[in-house]
1. Tell me the residue from Lys261, Lys237 that is within 17 Å of the chain's Cα centre (by Cα) and either surrounded by fewer than 22 Cβ atoms within 10 Å (Cβ to Cβ) or aliphatic (A, V, I, L, M) (or both), please.
2. When you scan the stretch 33-51, how many residues do you find that are within 14 Å of the chain's Cα centre (by Cα) and either of a type in the set (Val, Ile, Thr) or modelled with pLDDT under 90 (or both)?
3. Scan the stretch 158-181 residue by residue and report those that are among the charged types (D, E, K, R) and either touching a strand residue (DSSP E or B) at 6+ places or on another chain (Cβ under 6 Å) or not in a loop (DSSP other than H, G, I, E, B) (or both).
4. Considering only residues of the stretch 192-206 that are charged (D, E, K, R) and not in a loop (DSSP other than H, G, I, E, B), which is surrounded by the most Cβ atoms within 10 Å (Cβ to Cβ)?
5. What are the residue pairs meeting all of these: first residue in the stretch 78-96, first residue of a type in the set (Asp, Glu), second residue assigned to a loop (DSSP other than H, G, I, E, B), Cβ atoms under 6 Å, and 6 or more apart or on different chains?
6. What residue, among those in the stretch 88-132 that are aliphatic (A, V, I, L, M) and within 19 Å of Met158 (Cβ to Cβ), is surrounded by the fewest Cβ atoms within 10 Å (Cβ to Cβ)?
7. Just to be sure before I move on: is Leu54 out of contact with any helix residue (DSSP H, G or I) (no Cβ under 7 Å at 6 or more places or on another chain), among the aliphatic types (A, V, I, L, M) and surrounded by 15 or more Cβ atoms within 10 Å (Cβ to Cβ) in the structure I sent?
8. Is it fair to say Gln102 is without any contact (Cβ under 8 Å) to a residue 40 or more places away in the chain and out of contact with any strand residue (DSSP E or B) (no Cβ under 9 Å at 6 or more places or on another chain)?
Amino acid sequence: MTDQSPRFVSRLTRNTLALILAGGRGSRLKHLTKWRSKPAVPFGGKFRIVDFPLSNCINSGIRQVGVLTQYKAHSLLLHIQRGWGFLRGEFGEFVELLPAQQRIESSWYEGTADAVYQNLDILRSHNPDYVLVLAGDHIYKMDYGTMIAEHVESGADMTVGCLTVDLESAKEFGVMTVDSDDWVVDFHEKPANPKPVPGKENEALASMGIYVFNRKFLFEQLIKDADTPNSSHDFGKDLIPKVIERYRVMAYRFRDATSGKQAYWRDVGTIDAFWTANLELIGVTPPLNLYDHSWPIWTYQEQLPPAK
């Protein structure tokens, strides 16, 4: 996202419900997640990781957002309650907290797809045209409106945000294969031997954990998955591989709107990746511009007296 890129605020984004999956344990971050969930980990001196997908939603014109929480959620709940309550409920705008609460079964959220499935009654009450599912633990700036528009224009049932990563790193992501028109023809979650991109033997096409669904299609697939014996109820492991066999799943390549090159995106799920992403911010021209007034990253800061 750059200063010159246009915002795609439209009827599509206004009729989209975003769901941020923010229940991640983040065990690879070790002591950083000893008392908090991964999306609640501080980043860049003043932000929490979850501020990035939340800010992307607001800046994209998506004003109906649900945050699904589970693991050690107290600090995350406080942060969102204090810093993200500025939307106008009388206009149908909200950031709604959806903690695991055994709404359907006696179990807690058992996977990413199950987390959404257990809130189907809430989704039905909001009745969006489209549902945007987001991982709550990545650092990036993205106009979701452009992705939603391409999803609608293509006639896809589902669209998956993706980018290229090196082959070794691809083992930690969902890896897909696409045809010449970017329709997904194969998908494997965290494969031991990722398939490289044709013509680029050291790169693979990886899922960003960002999905756009047509509302009715999502509901149908979640119910099918919930009724499937031995399913782990995960979007990457279970739902997507089955969906691509019968339905139209589009890959949306995350690119900078100005240069056309792959845009900034970081998975900060390990100590090394977290450290590196923070150090990148102190460069003269950092790859992530946090001073971009056209695409601000919002957060909550405590009001404290000056240092002495």
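1. After ruling out the rest, the residue left standing is Lys237.
2. Of all residues in the stretch 33-51, those within 14 Å of the chain's Cα centre (by Cα) come to 38-39, 49-51.
This time we only want the ones that are either of a type in the set (Val, Ile, Thr) or modelled with pLDDT under 90 (or both), so: 49-50.
Counting residues in the stretch 33-51 that are within 14 Å of the chain's Cα centre (by Cα) and either of a type in the set (Val, Ile, Thr) or modelled with pLDDT under 90 (or both) gives 2.
3. As a first pass, look at the stretch 158-181 and keep what is among the charged types (D, E, K, R): 166, 168, 171-172, 179, 181.
Across the stretch 158-181, the qualifying residues are Asp166, Lys171, Glu172, Asp179.
4. To start, the set of residues in the stretch 192-206 that are charged (D, E, K, R) comprises 195, 200-201, 203.
Adding the requirement that they be not in a loop (DSSP other than H, G, I, E, B) leaves 200, 203.
On the way: Lys200: 11, Glu203: 17.
Checked the stretch 192-206; the qualifying residue surrounded by the most Cβ atoms within 10 Å (Cβ to Cβ) is Glu203.
5. Glu93/Arg63; Glu93/Leu87
6. Step one: list which residues in the stretch 88-132 are aliphatic (A, V, I, L, M), which gives 95, 97-98, 100, 104, 113, 115-116, 120, 122-123, 131-132.
In the following step, the residues that additionally are within 19 Å of Met158 (Cβ to Cβ) were identified as 113, 115-116, 120, 123, 131-132.
Details: Ala113: 26, Ala115: 24, Val116: 29, Leu120: 16, Leu123: 20, Val131: 23, Leu132: 28.
Per the stated criteria, the residue is Leu120.
7. Working: out of contact with any helix residue (DSSP H, G or I) (no Cβ under 7 Å at 6 or more places or on another chain): yes; among the aliphatic types (A, V, I, L, M): yes; surrounded by 15 or more Cβ atoms within 10 Å (Cβ to Cβ): yes.
Answer is yes for this residue.
8. The answer is yes for Gln102.
The values are calculated or read from the model by the stated rules, or taken from the named source; none is laboratory data. Keep in mind that this is a model prediction, so the values were computed, not measured. Heads up, the Cβs are rebuilt from the backbone with ideal geometry, glycines too, and the neighbour counts pull from every protein chain shown.
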